[in-house]
Amino acid sequence: MHASHNRRYVRRPVAAAFGSLVLLGIAAGPAAAHAEVSASDPRALAENVTLSFTSEAESDTAGITELRVVLPDGITPDAVTLKEAPTGWKLTVTPDGYSVGGAALATGTDAEYSITVRQLPDAKSLPFKTLESYGDGKVSRWIEVPADGRKVDNPAPVLDLKPAAPGAKPLAPSPSPTPARSTPSAEPPSPAPAAAAESPATRTAAETGTGSSTGLIAAAVAAVVLLAGAAAFWWARRSRQA
């Protein structure tokens, strides 16, 4: 009886501890799945910085297919290039950031990739709001930015920056593309295309013009001959009368 009573007291602490572990596991589950970012040079105004991202897989039935990121103020989409990504994944620029994606990763595999940023802005922290898409259509939204030290349920990856290096300055913005200008060619101009072959109508018109000129000349010669003949006849007749 006494032994049974002792066993009952031993079981209660064990059961309580087990229950606490289960509760801790349940509480830690959603919090453990999140997206993170790190930098090769986490200083304000640092140039050509590599940002590495990790998005933990949450689904037990489908793999990650795409990560859609909204860039923080001070980083424009044209200042970002893809450095490393899962095989076959590509970066696509969007109006407010970019997306990286491709064929679905194996179920349970975290999505890891890195980008190169031309220059980090002069800021204390940079949030990278991320949408994590899966092959089954599920989307996890890591878009909440903690404020005043308060915790949020779906925190966005945030990169804390150190002060800028002495003498660091913002780079000039990338020049917008300008229309290509034509330059004079060193080669001589190509000859004008040869005139098209004369058509039968053209030849006929030319021949008609030549015939008309010849006819006018002949008519003029005949008129002169007639006038000369008339003058000779008049002269002969006058001579006989005299």
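Quick look at the numbers
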| item | result |
| --- | --- |
| Segment 38-77: radius of gyration and largest Cα-Cα distance (Dmax), Å | 13.9, 42 |
| Cα-based Rg and Dmax for segment 125-177, where Dmax is the largest Cα-Cα distance (Å) | 16.8, 50 |
| Segment 46-151 - percent relative contact order, Cα under 8 Å, separation 6 or more | 39 |
| Packing rank of 102-111, 84-93, where each peptide gets the mean count of other beta carbons within 10 Å, highest leading | 102-111, 84-93 |
| Extension gain from VAL93 to LYS138, taking 0.36 nm per residue of separation minus the Cα-Cα distance | 14.0 nm |
| Residues ASP148 and THR107, FRET efficiency given R0 of 30 Å [Cβ-Cβ distance, rounded to 0.05] | 0.20 |
| Whole-number D in µm² s⁻¹ for segment 33-106, Kirkwood Cα-pair radius fed into Stokes-Einstein, 37 °C, 0.692 mPa s | 241 |
| 10 °C / 1.306 mPa s Stokes-Einstein diffusion coefficient of segment 90-178, Kirkwood radius on C-alpha pairs, µm²/s | 98 |
| Those lysines that a straight Cα-Cα span of less than 18 Å connects to LYS129, excepting residues fewer than 8 apart in one chain | LYS138, LYS151 |
| Extended-chain gain in nm, criterion 0.36 nm per residue less alpha-carbon gap, SER40 and LYS162 | 42.7 nm |
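Rule-based calculations on the coordinates, nothing more; no lab input. Being a predicted model, the structure only gives us computed values, none of them experimental. Virtual Cβ from ideal backbone geometry, glycine too; neighbours counted across all protein chains shown.
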